[in-house]
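This report refers to the structure that appears directly beneath it.
Values in this text are rule-based calculations from the coordinates and carry no lab data. Predicted model only: the values in this text are computed from it and were never measured. All Cβ positions, glycine included, derive from the backbone under ideal geometry; neighbour counts span all protein chains shown.
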């Protein structure tokens with residue numbers, strides 16, 4: 001008996017290998033964090049995110065969130081006294097009017 005088996009084509013094998021590689025990268029990215037896998041995918045500016053968070057903390061009278069939570073500031077331009085990559089509280093950042101963070105010192109003592 002001469003039986004011929006159906007084999008996988010080269011294209012199918014390549015697609016399976018690529019699919020496994022993409023799946024592994026996704027799993028590692030979600031488990032370890034994307035900044036460890038691809039450090040160039042960092043946001044270039046997070047000022048608006050911090051402004052929104054500080055505004056919400058102030059409007060809700062959240063003393064801890066406004067006065068104590070350290071937020072990493074990432075800025076492109078240089079602002080006197082601020083360094084990109086350093087952590088500041090909303091209370092510290094409210095002294096810099098160019099950032100647009102409202103002063104909510106009534107909740108911080």
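Values computed for the structure shown
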| item | result |
| --- | --- |
| GNM flexibility winner over the chain from 85, 29, 19 (Cα, springs under 10 Å) | 19 |
| Rg to Rh, two decimals, where the chain supplies the alpha carbon set and Rh follows Kirkwood | 1.39 |
| Cα-based convex hull, segment 47-107, per residue volume (Å³, whole number) | 68 |
| Distance (nanometres) between label positions extended 7 Å along Cα→Cβ at residue 14 and residue 79 | 5.1 |
| Selected from 15, 23, 93 as most flexible by GNM, with the chain as the system and alpha-carbon contacts under 10 Å | 15 |
| Relative contact order (percent, whole number), the chain, Cα cutoff 8 Å, 6+ residue spacing | 20 |
| GNM flexibility winner over the chain from 16, 79, 41 (Cα, springs under 10 Å) | 16 |
